[in-house]
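Working notes, structure below.
The values are calculated or read from the model by the stated rules, or taken from the named source; none is laboratory data. These figures come from a predicted structure and were not determined experimentally. Because the Cβ atoms are built from the backbone with ideal geometry, glycine has one as well, and the counts that use them run over all protein chains shown. The accessibility values were calculated without ligands, DNA or RNA, using every heavy atom of the protein model including side chains. Shrake-Rupley method; radii C 1.70, N 1.55, O 1.52, S 1.80 Å.
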Amino acid sequence: MGEQIICVNELVKLACEKFERKFGGVARFCGCAPGRVNLIGEHTDYNDGFVFPMALPLVTVMVGCPTNSSRYRVLTHSDHADHSMFAEFDLPSLESPLKPGIPAWANYVKGVVAYFKGQNPLCGFDAVVSSLVPVGGGLSSSAALEAATYTFLEALCGALPTVSLRDKALICQKAEHDYPGMPCGIMDQFIAFMGKKDHALLIDCRSLESRLVPFKNPEVAILITNSNVRHLLTGSEYPTRRRNCEEAAKIMGKKSLRDVTLDNLEDFRNNLTEEMYHQVCHVVTEMHRTKQSAEALEDGDYQMFGKWMFESHESLRKDYKVSCPELDELVKIVANVDGVYGSRMTGGGFGGCTVTLLKTLVVQKAINEIKSKYHGHPTFYVCRPGDGAQLINLE
C-alpha cells in the first residue's frame, strides 16, 4: 500500500536528535509545513488561473533555538537525500543585506530570513531541517521548506498578528523569486499555509481568493507515484514557458491568459508562434478543467473528475510539452485498471510524480500493475489531504 509515512511527531523527534548531535544543545522551537500535490490545474497559476491542490502528510520540519551570535547555521537532512548539507550565513542588516549564493538549497531559507516580519528583530539561530517531501518530485519541497522556515522564525521572534496566511504565502513566494530565482506562481506557498485536513483548496490565482472543498470519502483515495526520474532541462524550460505565456497575452492585448478564450486564441493564431499557440491552448482549457473538477469533487462525481485528469495529462503532454516518457507510461498503465477514475502528471514536469484518483479498494492492484509494467523504480504514497503550516510545541 505504498511507502510508510512516519508521523510528524516522529519526524520532529529525529530532527531534534540531529540537532543535539550537531549543535550540542536542545532544540526549543519547531515549524512544520507540508508538501502538496496538485490534483489539477498545471501551469495555470502564473497565468492568473485556477489551481486545485491539497496539502500532504509528507512534511518538512525546522527545529532549533536562538544563539547569541549574529549568524545562522542550518543543517538539512532528508530521507530522500544521500547526505546532510550545511550552510552558515550572517544575518541581514541595512549595511549588509542577504544575497543569493552557494549552496543553492540555502537560498530558500535565506530569502525567507531576508523578508520575514516578526514582533522582534531576528537573532542568530541554529536549526536542523528534516523532510519527508521528495526533492525534485513535483510535490513542492521548496515551498514546504519556505513555510516551515517562516513558521520557525515566528516561534523564534514572535508572530505579527497583522501578517495573514495570505501575506505569509506572498512573502515566501517573493523569497523564491528573488533568492533561488524561480518565477513560481502562488499555488505552492498558498497550500503550504492554508491546507486543511480532508479538504482540497481551489485557488483563484488572480484574486487570491480560495475555497476549501471537502474530500472526505474513505472509499476514494489519492495515489502519488514518483517516477524517480528528473530530466535536467527543467531549469530553463519553466521560465521559458512562463515568458511565452506572458508574451502571448501581450500579443492578444490581454493582461494575462486568464482573459483569453478559445475564440480569442483562434483569432490570433497567425500572430503567435506554433509553440505559443499550443501552450496557450493548454492554459485556457486547463483553467476550465480545474473549475469543473472542483465542482465534480463537491458533487462526488469522481468519474467526471477523472475524465478531466486524463484530459489534463494529454494536454500537458501534447500542447504544453512538459511530460516525459516515464510519466506517460505511468498514466497509461493505471488507465487500464478497473476502479481508477483518472491520472495525470503533477508538478512542473519532465519527471517527478503522477497523481491518481481511484477507489481505495483497488490501490494495491494499481500499485502491483505499475510495479510489473513500469520500466523504472517507482515510489508510492497513498495520501489523504493534510493540514497547512503549524507551530509544534517542543516543551
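Here are the numbers:
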item: The range 255-279, subset part of a helix (DSSP H, G or I) and polar (S, T, N, Q), residue surrounded by the most Cβ atoms within 10 Å (Cβ to Cβ); result: 279
item: Those residues of the range 234-254 which are within 20 Å of residue 183 (Cβ to Cβ) and assigned to a loop (DSSP other than H, G, I, E, B), in sequence order; result: 254
item: Residue, surrounded by the fewest Cβ atoms within 10 Å (Cβ to Cβ), within the range 356-393, restricted to residues that are touching a Cys at 6+ places or on another chain (Cβ under 9 Å) and of a type in the set (A, V, I, L, M, F, W, C); result: 391
item: Subset of the range 150-186 that is part of a helix (DSSP H, G or I) and of a type in the set (Phe, Trp, Tyr) - its residue that is farthest from residue 104 (Cα to Cα); result: 152
item: Number of positions in the range 132-162 that are in contact with a Lys or Arg (Cβ under 7 Å, 6 or more places away or on another chain) and surrounded by fewer than 24 Cβ atoms within 10 Å (Cβ to Cβ); result: 2
item: Residue 337 being over 11 Å from residue 309 (Cα atoms) and open to solvent by less than 20 Å² (accessible area, probe 1.4 Å); result: yes
item: Condition met for residue 327 (within 18 Å of residue 41 (Cα to Cα), open to solvent by 40 Å² or more (accessible area, probe 1.4 Å) and touching a Cys at 6+ places or on another chain (Cβ under 9 Å)); result: no
item: Criterion: out of contact with any helix residue (DSSP H, G or I) (no Cβ under 8 Å at 6 or more places or on another chain) and assigned to a strand (DSSP E or B) - qualifying residue of 88, 10; result: 88
item: Residue selected from the range 25-50 under the condition in a strand (DSSP E or B) and of a type in the set (Val, Ile, Thr), by the criterion farthest from residue 317 (Cα to Cα); result: 37
item: Any pair with Cβ under 6 angstrom, 6 or more apart, that starts in the range 86-115 at a residue that is open to solvent by less than 60 Å² (accessible area, probe 1.4 Å) and ends at one that is assigned to a strand (DSSP E or B) and modelled with pLDDT of 95 or more; result: 87/74; 109/74
item: Pairs with Cβ under 6 Å, 6+ apart, first in the range 1-25 and free of Cβ contacts under 8 Å to residues at least 40 places away in the same chain, second open to solvent by 80 Å² or more (accessible area, probe 1.4 Å) and not in a helix (DSSP H, G or I); result: none
item: Subset of the range 86-131 [small (Gly, Ala, Ser) and under 19 Å from the mean Cα position of the chain (by Cα)]; result: 104, 106, 111, 130, 131
item: Residue 225 open to solvent by less than 30 Å² (accessible area, probe 1.4 Å) and either within 21 Å of residue 325 (Cα to Cα) or at pLDDT below 95 (or both); result: yes
item: Single residue of 97, 103, 53 found to be part of a loop (DSSP other than H, G, I, E, B) and under 26 Å from residue 163 (Cβ atoms); result: 97
item: Of all residues making up the range 202-222, the number that are open to solvent by less than 10 Å² (accessible area, probe 1.4 Å) and part of a strand (DSSP E or B); result: 5
item: Subset of the range 163-174 (residues that are over 15 Å from the mean Cα position of the chain (by Cα) and either crowded, with 20+ Cβ neighbours inside 10 Å or not charged (D, E, K, R) (or both)); result: 163, 164, 165, 168, 171
